[in-house]
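> Here's a structure for you.
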Amino acid sequence: MHIRSLSFLHDTFPTATSYPFSLEVFTKTDRIAFHTPVTFFIGENGTGKSTLLQAIARGSGIHIWEEHEGRRDAKNLHEDQLHRSLRIEWMDGKVPGSFFASEIFSHFAQALDQWGRADAGCLDYFGKTSLIVKSHGQSHMAFFSHRFARKGLYLLDEPENALSPKWQLELLRLLRRFSRRGDVQFIIATHSPILLALPEAEIFSFDAAPIRLVAYEDTDYYRIYRDFLTDRGKYLEGDVIEQHGT
């Protein structure tokens, strides 16, 4: 592991009314400790898990590939500032790494393709061929299998988005294999019950404040999929999902 813990410096929050500083999961959480090489963040959309993942990247000096935004009439000046109010405790100092999100991966793949035209050697780190000539799932898996082979901190935001269940199982196996090597750490925001099944991982839920550890079998992801596969018919009724609190 590389990150031992992160702490929320509440007295440095610049506002109490704007996202993400208005979220209870951040105002009521003091510290998150990491005990395993793979940690999952779970929660409904808007609960802050992806925002915290990006803040960890910025606080760790890890670049986030993203397309330049067009003009926005209304912009939240605080939305990408959470890293300034975090204290990251490292085991033995900062390490290199990467931030992955499927919706911005194409920007990296296109940049890599352009670099490869000038220096084909840079493609050696990702399977020797351009990532943009592969399907989304294939390009993602090529990135994972080659990038994770190197020591570092890897932050993944819903990596399952472009992956079939078969490829999610393959990613699950990659996570287990690389995490056992001892020089990589993964922090992953996900909705995938397949990825969450990694036995050695810890799962933090953002669905209630403060952020707390939960068991795999206690997650909505596990229970909903289990119940659906047991009795698909009842899930045609809308109130079943409400009973799970999703």
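> Note down the nm distance, to one decimal, between modelled labels 7 Å out along Cα→Cβ at Trp90 and at Thr36.
Result: 2.6 nm between the two label points.
> Here's something else I'd like to know. Mind checking the full-extension length gain between Gln138 and Tyr235? Use 0.36 nm per residue of separation minus the Cα-Cα distance, one decimal, nm.
31.7 nm
> Return the long-range amide H neighbours of Gly152 (sequence gap of 5 or more, or a different chain), with a cut-off of under 5 Å between placed amide H atoms.
Residues meeting the criterion, in which the H sits 1.01 Å from N, are Val184, Gln185.
> Once phi is turned into θ = phi - 60°, what whole-Hz ³J(HN,Hα) does the Karplus curve with 6.51, -1.76 and 1.60 give for every residue of the stretch 144-150, x standing for Gly and Pro?
Karplus values, whole Hz, x for Gly and Pro: 4, 5, 8, 5, 5, 6, 10.
> OK, next. For Trp90, what residues show an amide H to amide H distance below 5 Å, using hydrogens built from the backbone and excluding near sequence neighbours?
Arg4
> Further, regarding this structure: Solvent-accessible area per residue for the stretch 1-58 at a 1.4 Å probe radius, Å²?
Ligands and nucleic acids excluded, the result is 39 Å² per residue.
> Moving on to the next point. In sequence order, what are the phi-derived ³J(HN,Hα) couplings for the stretch 52-57 according to the Karplus relation 6.51 cos²θ - 1.76 cosθ + 1.60 with θ = phi - 60°, rounded to whole Hz, with x for glycine and proline?
5, 4, 5, 5, 5, 4
> Also, quick follow-up: Using a 10 Å cut-off on Cβ atoms, rank the peptides 85-97, 198-210 from the highest mean neighbour count down.
198-210, 85-97
> Please give the per residue accessible area of the stretch 139-246, computed with a probe of 1.4 Å over protein heavy atoms only, in Å².
49
> Arrange the peptides 16-24, 189-197 so that the one whose residues have, on average, the most other Cβ atoms within 10 Å appears first.
Ranking the peptides 16-24, 189-197 by packing returns 189-197, 16-24.
> Need one number: % antiparallel among DSSP beta bridges in the stretch 153-242, to the nearest 5.
40
> Still on this model: Out of residues 5 or more away from Phe100 or on other chains, whose amide H comes under 5 Å of its own, with H placed 1.01 Å from N in the peptide plane?
Leu155, Leu156, Asp157
The values are calculated or read from the model by the stated rules, or taken from the named source; none is laboratory data. Computed from a predicted model, the values in this text were never measured in an experiment. Using ideal geometry, Cβ is built from the backbone for each residue, glycine included, and neighbour counts are taken over all protein chains shown. In case anyone asks, the SASA skips ligands and DNA or RNA and just uses the protein heavy atoms, side chains included. Shrake-Rupley method; radii C 1.70, N 1.55, O 1.52, S 1.80 Å.
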